[in-house]
1. Quick check on my filter: what residues within region 307-321 are more than 8 Å from the ligand (Cβ to nearest atom) and buried (at least 24 other Cβ atoms within 10 Å of the Cβ)?
2. Restricting attention to region 75-93, does a residue exist that is in contact (Cβ under 8 Å) with a residue 12 or more places away in the chain, farther than 25 Å from Asp121 by Cα, of a type in the set (Gly, Ala, Ser) and not assigned by TED's automatic domain parsing to the domain that holds Ser201?
3. Quick one: how many residues across region 312-339 are farther than 16 Å from Leu371 by Cβ and either of a type in the set (Asp, Glu) or assigned to a helix (DSSP H, G or I) (or both)?
4. Filter region 147-179 down to the residues that are more than 7 Å from the ligand (Cβ to nearest atom), within 24 Å of Leu399 (Cα to Cα) and β-branched (Val, Ile, Thr) and list them by number.
5. List every residue pair whose Cβ atoms sit under 7 Å apart, with the two residues 6 or more apart in sequence or on different chains, where the first one lies in region 310-336 and is within 17 Å of Leu196 (Cβ to Cβ) and the second, anywhere, is acidic (Asp, Glu).
6. Looking only at region 65-93, count every residue that is more than 16 Å from the ligand (Cβ to nearest atom), within 23 Å of Asp186 (Cβ to Cβ) and in a loop (DSSP other than H, G, I, E, B) and tell me the total.
7. Among the numbered criteria (1) away from the ligand (no atom under 15 Å from the Cβ); (2) at pLDDT 95 or above, which one does Ala225 miss?
8. Limited to region 364-384, what total is found for residues that are on the phi > 0 side of the Ramachandran plot and surrounded by fewer than 17 Cβ atoms within 10 Å (Cβ to Cβ)?
Amino acid sequence: MAPPDHDIAFQMSGSNLRYGPGVTREVGMDLREISAERVLVVTDPRVAQLLPVQTVCESLEQHGIHYDLFDRVRVEPSQQSFQDAIQTAQAGNYDAFVAVGGGSSIDTAKAANLYACWPADFMDYVNAPIGAGLPVPGPLKPLIAIPTTAGTGSETTGIAIFDVTERNCKTGIRHRRLRPTLAIVDPENTRTMPPLVAASSGLDVLAHAIESYTAKPFTQRPYPATPNLRPAYQGSNPISDVWSLEALRLMATNIVRAFQDPSDDQARAQMILAAAYAGMGFGTAGVHLCHAMSYPISSLVKNYQPPGYLDDHAIVPHGISVVLSAPAVFRFTACACPDRHRKAAEILGATTDRVPDADIGKVLSDQLLTLMHTVDVPNGLHAVGFSTDDLPALVEGTLPQQIRHLASRSAEGDDLHRLFEESMTLW
Ligand SMILES: NC(=O)c1ccc[n+]([C@@H]2O[C@H](COP(=O)([O-])OP(=O)(O)OC[C@H]3O[C@@H](n4cnc5c(N)ncnc54)[C@H](O)[C@@H]3O)[C@@H](O)[C@H]2O)c1
């Protein structure tokens with residue numbers, strides 16, 4: 001019998017996750033249980049000075065586990081910074097990894113683990129068409145991920161994102177085997193986030209949730225040659241929908257409180273849960289235009305130094321780079337699945353009973369703009385150093401991003417040009 005044109009299945013791979021205030025100190029026990037003897041702790045230079053890393057190190061010492069500390073993670077990692085961690089991992093013959101930090105640290109630990117276990121040319125596992133997109137050949141060593149932002153959800157995903165500096169574009173490695181063995185999600189760890197880190201990582205949750213919920217359904221994806229070639233990003237599906245919608249609800253209720261008052265334990269606790277929920281949703285369904293467009297924004301940054309980020313290089317923080325295009329993107333995609341955009345707008349607080357489908361994209365976009373303004377997001381691409389002269393390069397950097405094809409309405413060169421243009425100034 002001939003296979004169908006489109007896929008009829010999706011696969012949800014669960015994450016192993018422990019949640020609770022103070023659970024960071026249990027990591028030594030976890031490593032002892034799997035008989036780990038040599039561990040690499042991966043973090044960035046700033047988080048290395050903070051309580052979460054101190055707690056991890058104390059816990060490892062109490063359990064008699066030898067560890068080395070790699071504290072050279074680059075915030076918004078690059079190919080070079082991934083390779084620095086990979087070399088350390090390959091030289092150290094570690095039998096487990098612990099990542100402590102935001103998405104930058106967790107992604108770096110995933111890459112270090114991958115190439116230490118399965119050495120290869122760096123570009124071999126990197127997403128096609130930028131890399132060869134080879135599948136990960138076999139299991140990796142255990143990786144325990146302890147997020148300190150709320151956040152990327154990287155603790156629950158099989159994705160590692162980095163900047164290919166020489167090509168001016170961000171891309172990633174995507175495979176379910178990269179997913180951490182255990183996520184230790186401890187709301188105490190986000191208490192010290194500066195406001196813009198809280199806003200940026202919180203708005204990443206928002207983008208993950210809405211993009212995965214409005215992604216093309218899995219039934220519109222071509223039938224794979226063999227079932228194991230089903231991609232990590234499979235399209236929206238009934239199980240991801242549950243995680244994505246609940247993530248959006250938690251985010252909508254708590255982001256402003258967590259941003260305004262880091263001592264609001266309840267809001268912080270809900271935000272770090274929202275990040276993990278969104279990770280479970282988008283980690284299976286995928287993200288689309290906001291993320292595809294964010295990659296050249298991150299790579300082409302000139303001199304923007306965000307307040308509260310103490311790093312020595314210019315960056316547009318990931319969540320900001322993603323959300324700046326969100327109002328334009330969802331105005332554009334709403335006509336393809338208005339009911340889903342309506343639901344997102346309602347969760348963000350809009351009353352939509354009398355709004356016709358044709359206007360629902362604008363209503364969602366207005367809700368987003370209000371929220372972005374409240375948490376002090378820079379006012380569009382202009383505010384982070386871009387001008388209309390950059391439009392061709394921004395479009396060029398988006399076109400190779402395969403995730404853009406997951407959008408429920410396809411966006412080609414002219415559409416992308418308009419979406420970037422509309423994102424130059426937001427209010
Ligand atoms: N793998 C995935 O599934 C996935 C998903 C989304 C984003 N990402 C990637 O994650 C990266 C962004 O990660 P992020 O937004 O979590 O932030 P981050 O790791 O880049 O850190 C941002 C800043 O916050 C600081 N910081 C982190 N935790 C802190 C704390 N508790 N107290 C004080 N300062 C703290 C860091 O030192 C840094 O200066 C990007 O590279 C992005 O592409 C990955």
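1. Val316, Ile320, Ser321
2. no
3. Pass one, region 312-339, residues farther than 16 Å from Leu371 by Cβ: 312-318, 321, 332-339.
From what's left, either of a type in the set (Asp, Glu) or assigned to a helix (DSSP H, G or I) (or both): 312, 318, 321, 332-336, 338-339.
So the count comes out to 10.
4. Across region 147-179, the qualifying residues are Val164, Thr165, Thr171, Ile173.
5. Here the result reads Ile315/Glu76; His318/Glu76; His318/Asp204; Gly319/Asp204; Val322/Asp204, each pair linking region 310-336 to a residue that is acidic (Asp, Glu).
6. Count: 1.
7. (2)
8. Of the residues in that region, 1 qualify.
The values are calculated or read from the model by the stated rules, or taken from the named source; none is laboratory data. All of these numbers come straight from a predicted model, not from anything done at the bench. Quick reminder, even Gly has a Cβ in these numbers, built from the backbone with ideal geometry, and neighbours come from all protein chains shown.
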